[in-house]
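The values are calculated or read from the model by the stated rules, or taken from the named source; none is laboratory data. Because the structure is predicted, anything quoted here is derived from the model rather than measured. With ideal geometry, Cβ positions are generated from the backbone for all residues, glycine too; neighbour counts draw on all protein chains shown. Areas reflect the complete protein model, heavy atoms only, side chains present, ligands, DNA and RNA absent. Shrake-Rupley method; radii C 1.70, N 1.55, O 1.52, S 1.80 Å.
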Amino acid sequence: MYKINFLLRVISALLLIFCLPLQAALHPVSSTEINENQCRLDIFHLFKNDQKKFESNMQLAMITDVRHRHRYIAIKADINHPAGFENISYYRSGQPVEVFTANWRKNGNKHSVTRLVMLGGTSDKQAFDVFTKLVHQDEGHFEIKRSGNRYRFNADSQDLDDFFNCLQRNR
């Protein structure tokens, strides 16, 4: 029995060695920008394009301006997102948890941008507080849904730790 287990481990190791170069290039799913003036966590939704390469079509940024004590959630999406108001739902395990409102604006010919507020609210600070609390509880694994489309986000655990530590230091 020991010899069979040993052989299976050797075969598995050889497969990993020879198949690893065939895997697609790794793409970041999140990044941070942390300094004395800001705490920022960007999380990217990745999809495969027609050439079977991963690219981001939505970027979600949680931003705190330490100096001016301003905080907000910004979203940048590909050009196909419409201008105007839209509800965006935060999902956990396939169930809606919270609803935010976005007012999409075109940013030239490149993409659309928005800041989130709570449904029926006007404060982007309140939306930031609720959204970051949800992301923290879900350890960076969540979905948002807009116009019938779902976007899954999976932030890197080190990026999450760095961001939330920065928030704690600057309260």
- Note on the structure: Per the 1/(1 + (r/R0)^6) rule, R0 = 35 Å and r from the Cβ atoms of SER147 and LYS53, FRET efficiency to 0.05 is 0.90
- Note on the structure: Nearest-0.05 FRET efficiency for LEU46 and GLN137 at R0 = 22 Å, using Cβ-Cβ distance, is 0.45
- Task: Would you please classify the overall shape of the stretch 62-105 from the alpha carbon gyration tensor, given that a ≥ b ≥ c denote the square roots of the eigenvalues, rounded means a/c under 1.5, and beyond that prolate means a/b larger than b/c while oblate covers the rest?
- Result: oblate
- Query: If the cut-off is 20 Å between C-alpha atoms, which aspartates and glutamates fall inside it for LYS48, apart from same-chain ones fewer than 8 positions away?
  - Reply: ASP78, GLU143, ASP156
- Query: Hey, what D do you get for the stretch 102-171 in µm²/s if you plug the Kirkwood alpha-carbon radius into Stokes-Einstein at 4 °C and 1.567 mPa s?
  - Reply: 93 µm²/s
- Message: What three numbers, in Å, describe the spread of the alpha carbons of the stretch 36-112 along their principal axes, ordered from the longest?
- Response: 43, 30, 25
- Query: Where does the stretch 16-171 land on Rg/Rh, using Cα atoms and the Kirkwood Rh?
  - Reply: 0.99
- Task: With a 1.4 Å probe and every protein chain left in place, work out the accessible area per residue of the stretch 22-171 in Å², rounded to a whole number.
- Result: 58 Å²
- Does anything in the stretch 96-130 have its amide N under 13 Å from the 7 Å Cα→Cβ label point of PHE85, and if so which residues? 100-104, 117-123
